[in-house]
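Notes follow once the structure below has been shown.
The values are calculated or read from the model by the stated rules, or taken from the named source; none is laboratory data. Computed from a predicted structure; not experimentally measured. Quick reminder, even Gly has a Cβ in these numbers, built from the backbone with ideal geometry, and neighbours come from all protein chains shown. Areas reflect the complete protein model, heavy atoms only, side chains present, ligands, DNA and RNA absent. Shrake-Rupley method; radii C 1.70, N 1.55, O 1.52, S 1.80 Å.
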Amino acid sequence: MTELPKVLDEAPGSSKEPSFFSNLYENLNQNPYFNAGAGLAGIGIAMSFLRRTAQISNTYFRRRFMITLQVNNEDAAYPWLLDFINKRSATQTRNLSANTVVHQAESGKTELSISFLPGHGTHFFVHDYRWIKVERQREKQVIQRDGVRTPFETVTLTTLGSDVKFFKQMLEHSAKEAIDNAETGLVIYQAVGPQWVRFGVPRKKRDIESVVLDGKICEQLLQDFQEFIGSAEWYADRGVPYRRGYLFYGPPGTGKSSFISALASHFGYSVCLLSLSERTLDDDRLNHLLNTAPPNSVVILEDIDAAFVSREDPMSNHPAYQGLSRVTFSGLLNALDGVACAEERITFMTTNYVERLDPALIRPGRVDRKQYFGNATDGMLRKMFARFYRQPSDSELAEQFVQLVSEHKKELSPASIQGHFLMHKQDPRGALDNIKNMFRSV
Ligand SMILES: Nc1ncnc2c1ncn2[C@@H]1O[C@H](COP(=O)(O)OP(=O)(O)OP(=O)(O)O)[C@@H](O)[C@H]1O
Ligand SMILES: [Mg+2]
């Protein structure tokens, strides 16, 4: 009897029969290719899990323990910040970009100024004991500013920490540094038609000490101005118009105009120049100009007496000026009173002929402080000599100079003394020896 195949002995579905899945498992298990694949897949899953975890913890870490600041080149702080970074990272980075500015005067004289900024890419620098990562990136977009197209750029700063104040303080620090270094000069406005127009490039500031005045005049005026510009609230609280008028009078060449410019620039003010003897100036224009002076500026009305003589002025009848009305006295008063606005207004008036002025013009409210600028006193002579020739004020030469001048018993304006010194720029002895020349021109 032939034996039945073993398989038939056992009922189908009995527990002894290996299941489809176990078979599959068995087979797969023995399959070296699959085994390797599953291993790889396992590794892959584990890796991606790890990567994900790393990503999440990285994000978490960044959020919790890192601060980031992004500034783009549309922001005013951008060049300051780059400059700030550059100053600190110069030793650590070798990747610089140059920014060259060419100034060419009309005469053809050319000046170059080259500044180096951190180049595009990644840099590191230390500020306030912290390492900061800098990424400067250039984007594809282009921005247009002042008619110039420049690529859009961003700088991203990252550092360890959780307090954004750190970056805020750093930005303030960089802004302060930039502002302190900026070559600020005295900005001069001139009246062109009904408007104030900036005249030329900002002039170099004149040191207030370089205008030599008698006694304590300089200190007193400085203090007065300082007090006025610091008391806006005081005026507002009392409803007093926030204005101050100064009248400087005295002979020509005694430093009235020079002192006003030096004083204005000392406090960071610009000056708006207006001469009442200008023939195209009339009441309306004067009124408009006085009420539209640029912020942070002082208005200088030169030759204030000109408004008094205009009626008798023979030039008024000159054909060239016919049809042009001139500033009248009442026009000047109205313009000075102006509309009572809360804005600060500081007016300086100068004249050589104070005796011609009407009391109405110099009453308080229009002129709050009068100051006489006189010819050189002994003290001024000594100080001017010492300043000009860089000598101590008690030097023998300065003393001799004062002696020689007083022997002539003639008053001299500081302007004529300055003129004499300029003839003997490097030679204080020569200035003494030729002192006679100084009196010839007086
Ligand atoms: N007190 C001074 N100290 C130093 N320099 C002075 C002084 N006064 C005048 N100068 C010099 O003389 C020149 C003329 O001065 P400034 O124009 O200020 O005189 P001013 O009093 O305004 O004269 P004017 O009444 O004619 O307008 C300037 O170059 C200035 O440097
Ligand atoms: Mg003057």
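From Arg390, Arg429, grab the single residue that is more than 16 Å from ligand 2 (Cβ to nearest atom), farther than 30 Å from Gly245 by Cβ, of a type in the set (D, E, K, R) and assigned to a loop (DSSP other than H, G, I, E, B).
Values: Arg429 fails: assigned to a loop (DSSP other than H, G, I, E, B).
Every option except Arg390 fails the conditions.
In region 267-300, what count of residues is obtained for those that are part of a loop (DSSP other than H, G, I, E, B) and either closer than 30 Å to Cys218 by Cβ or free of Cβ contacts under 8 Å to residues at least 12 places away in the same chain (or both)? Break it down into steps so the answer makes sense when it comes.
Filtering region 267-300 down to residues part of a loop (DSSP other than H, G, I, E, B) leaves 267-269, 276-282, 292-296.
Of the ones still in play, those that are also either closer than 30 Å to Cys218 by Cβ or free of Cβ contacts under 8 Å to residues at least 12 places away in the same chain (or both) are 267-269, 276-278, 293-296.
The number of residues fulfilling the criteria is 10.
So which of Leu332, Leu412, Leu336, Leu397 is in a helix (DSSP H, G or I), outside the structural domain of Gly215 (by TED's automatic domain parsing) and either away from ligand 2 (no atom under 16 Å from the Cβ) or within 26 Å of Asp284 (Cα to Cα) (or both)? Even if it seems obvious, please write down each step before you answer.
Working: Leu332 fails: outside the structural domain of Gly215 (by TED's automatic domain parsing); Leu412 fails: in a helix (DSSP H, G or I); Leu336 fails: outside the structural domain of Gly215 (by TED's automatic domain parsing).
Being in a helix (DSSP H, G or I), outside the structural domain of Gly215 (by TED's automatic domain parsing) and either away from ligand 2 (no atom under 16 Å from the Cβ) or within 26 Å of Asp284 (Cα to Cα) (or both) holds for just one of Leu332, Leu412, Leu336, Leu397, which is Leu397.
Taking the conditions exactly as written (within 14 Å of ligand 1 (Cβ to nearest atom), more than 17 Å from Ile300 (Cα to Cα), buried (at least 16 other Cβ atoms within 10 Å of the Cβ) and not charged (D, E, K, R)), does Ile260 satisfy them or not? Walk me through how you get there before you give the answer.
Details: within 14 Å of ligand 1 (Cβ to nearest atom): yes; more than 17 Å from Ile300 (Cα to Cα): no; buried (at least 16 other Cβ atoms within 10 Å of the Cβ): yes; not charged (D, E, K, R): yes.
No.
If you check Asp214 against the conditions, is it at pLDDT 90 or above, in a loop (DSSP other than H, G, I, E, B), open to solvent by less than 90 Å² (accessible area, probe 1.4 Å) and acidic (Asp, Glu)? So that I can check it myself, show each step before the final result.
On the way: at pLDDT 90 or above: yes; in a loop (DSSP other than H, G, I, E, B): yes; open to solvent by less than 90 Å² (accessible area, probe 1.4 Å): yes; acidic (Asp, Glu): yes.
Considered against the rule, which asks whether it is at pLDDT 90 or above, in a loop (DSSP other than H, G, I, E, B), open to solvent by less than 90 Å² (accessible area, probe 1.4 Å) and acidic (Asp, Glu), Asp214 comes out as yes.
Which condition number does Ala264 fail, the rest of (1) within 16 Å of ligand 2 (Cβ to nearest atom); (2) without any contact (Cβ under 8 Å) to a residue 40 or more places away in the chain; (3) part of a helix (DSSP H, G or I) being met?
Single failed check for Ala264: (2).
List every residue pair whose Cβ atoms sit under 8 Å apart, with the two residues 6 or more apart in sequence or on different chains, where the first one lies in region 403-414 and is surrounded by fewer than 19 Cβ atoms within 10 Å (Cβ to Cβ) and the second, anywhere, is assigned to a helix (DSSP H, G or I).
Leu404/Leu432; Leu404/Ile435; Ser406/Asp378; His408/Ile435; His408/Phe439; Lys410/Phe439
Can you name the residue in region 356-402 that is in contact (Cβ under 8 Å) with a residue 40 or more places away in the chain and in contact with a Lys or Arg (Cβ under 7 Å, 6 or more places away or on another chain) and is also surrounded by the most Cβ atoms within 10 Å (Cβ to Cβ) among such residues?
Phe373
Just a yes or no: is a residue in region 68-88 in contact with a Pro (Cβ under 6 Å, 6 or more places away or on another chain) and either assigned to a helix (DSSP H, G or I) or of a type in the set (A, V, I, L, M) (or both)? Quick ask: steps written out before the conclusion?
Taking region 68-88 as the starting set, the residues that turn out to be in contact with a Pro (Cβ under 6 Å, 6 or more places away or on another chain) are 85-86.
Those still in the list that are either assigned to a helix (DSSP H, G or I) or of a type in the set (A, V, I, L, M) (or both) too: 85-86.
Scanning region 68-88, I find at least one residue that is in contact with a Pro (Cβ under 6 Å, 6 or more places away or on another chain) and either assigned to a helix (DSSP H, G or I) or of a type in the set (A, V, I, L, M) (or both), so the answer is yes.
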